[in-house]
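Nothing in this text is a laboratory measurement; each read-out follows from the coordinates by a stated rule. None of the values given here were measured: they were computed from a predicted structure. Cβ sites come from the backbone with ideal geometry, for glycine too, and all protein chains shown count toward neighbours.
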Amino acid sequence: MAQVTLKAAEGIAVLSVDRPEALNALNREIVDQMDELIDQVAADDSVRCLVIHSDKNFAAGADIKAMAECDEEGAKVFAFSPTYNKITKLSVPTIAAIEGYALGGGMELALTADIRIAGKSAKMGFPEVTLGIFPGAGGTIRAPKLIGPALAKEMIFTGDAIKADRALAIGLVNRVVEDDQVLEEAMKLAKRIAKRGPVAVRMVKDVINRGLEEPDVIKGTEIEAEQWAKLFNTYDQKEGMKAFMEKRKPTFQNR
Ligand code: DAK
């Protein structure tokens with residue numbers, strides 16, 4: 001039975017987990033379903049933005065009940081990273097819309113997104129050490145890069161969850177809204193992004209990500225300049241600038 005759904009309309013794809021009885025805890029089957037749907041998003045030229053949102057709870061982590069009796073080999077079944085890495089490699093912007101719990105593997109899923117929006121009652125953290133393990137789906141890498149090593153270590157070493165206002169203060173989420181506005185706010189932002197020049201948005205996401213991985217700032221600026229100039233081969237650059245001069249809205253064609 002499908003526990004992950006993908007709905008796409010007007011250039012926005014929404015990926016949701018539907019396992020409310022376990023607060024959307026993630027098991028192998030769910031992550032496999034997610035993997036297939038992410039492939040669909042990657043192959044769909046009409047998608048301009050992906051929103052990841054699950055009702056009431058983003059995800060309370062990997063499925064502890066399925067993990068409890070694993071030996072070393074069995075634990076490897078919980079390798080969510082290949083799928084999570086696919087999300088980070090999507091060329092279009094991604095937004096995690098977080099209601100309720102985003103814990104452990106759920107927090108790590110939220111970290112794969114470019115942007116996070118949280119509801120006021122969201123609780124986010126890495127409780128793994130309370131279970132005798134540590135985050136293993138990218139959290140030890142992505143959290144320190146996003147909020148800095150000291151704050152990430154505090155969260156990961158203590159396992160304590162933080163609330164939305166604290167998450168906002170440390171840059172873990174971009175903004176906090178009323179709980180019932182989380183999806184709406186993410187969709188509003190996704191629609192705003194979807195109106196922009198799609199080639200430029202995809203290219204600048206790649207340039208930013210490459211810049212983050214590039215230790216040499218000068219090299220980073222060279223990559224930026226090279227990619228920027230390539231946009232002048234696109235229809236959308238001509239249209240965007242022509243529309244400005246003609247005082248009208250551009251009609252981008254994604255080429
Ligand atoms: N797994 C399985 N079931 C879960 C679950 C989880 N993570 N979280 C909640 N549930 C289930 C509960 O067992 C309960 O089911 P029943 O007992 O009714 O059958 C139902 O959801 C409702 O939960 P509660 O009754 O506990 O609800 P409460 O409101 O009282 O408490 C809670 C909510 C979120 C505080 C509590 O459910 C909780 O503490 N949940 C566990 C949170 C957690 O520890 N999450 C981290 C899991 S470890 C790796 C890959 C991935 C990972 C690590 C390594 N490698 C490949 C290396 C990831 C690890 C994790 O995420």
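Sorted from longest to shortest, the spans of the Cα atoms of region 68-202 along the three principal axes equal 49, 30, 27 Å. Report, as a whole number in µm² per second, the diffusion coefficient that Stokes-Einstein gives for region 125-255 at 37 °C and 0.692 mPa s using the Kirkwood radius over alpha carbon pairs. Here the translational diffusion coefficient equals 181 µm²/s. Dipole size of region 76-167 about its Cα centre, with +1 on Lys/Arg Cβ and -1 on Asp/Glu Cβ: approximately 160 debye, rounded to the nearest 20. Dividing the summed -39500 (n - 2.57) terms of all DSSP H runs of n ≥ 4 by the residue count of the chain sets its mean residue ellipticity at 222 nm at -13500 deg cm²/dmol. Residue pairs exceeding 31 angstrom between C-alpha atoms, taken from Lys163/Lys188; Lys120/Lys247; Lys86/Lys230; Lys219/Lys247: Lys120/Lys247; Lys219/Lys247.
Here's the list of lysines a cross-link from Lys153 could span, going by alpha-carbon distance under 16 Å and ignoring same-chain residues fewer than 8 apart: Lys145. Summarising the overall dimensions of region 34-136 from its C-alpha atoms, the Rg and Dmax are 14.4, 44 angstrom. Here's the list of aspartates and glutamates a cross-link from Lys238 could span, going by alpha-carbon distance under 16 Å and ignoring same-chain residues fewer than 8 apart: Glu246. Once divided by 2.2 N^0.38 Å, the Cα radius of gyration of region 123-196 becomes 1.29. The trypsin sites (Lys or Arg not before Pro) of region 1-96 meeting both criteria, a DSSP state outside H, G, I, E and B (loop) and at most 14 other C-beta atoms within 10 angstrom of the site's C-beta, are Lys56.
Please identify, among Val173, Val129, Val41, the residue showing maximal mean-square fluctuation in a Gaussian network model of the chain using a 10 angstrom Cα cutoff. With Cα springs under 10 Å in the chain, the top fluctuation among Val173, Val129, Val41 is at Val129. For the pair Glu10 and Asn233, label points projected 7 Å from Cα toward Cβ lie 3.4 nm apart. Label-to-label distance, Asp44 versus Glu246, with points set 7 angstrom from Cα along the beta-carbon direction: 3.1 nm.
Computed from the Cα positions only, the extents of the chain along the three principal axes stand at 63, 42, 36 Å, in decreasing order. About its Cα centre, the dipole of the chain is roughly 1300 debye, where the only charges are +1 on Lys and Arg Cβ and -1 on Asp and Glu Cβ.
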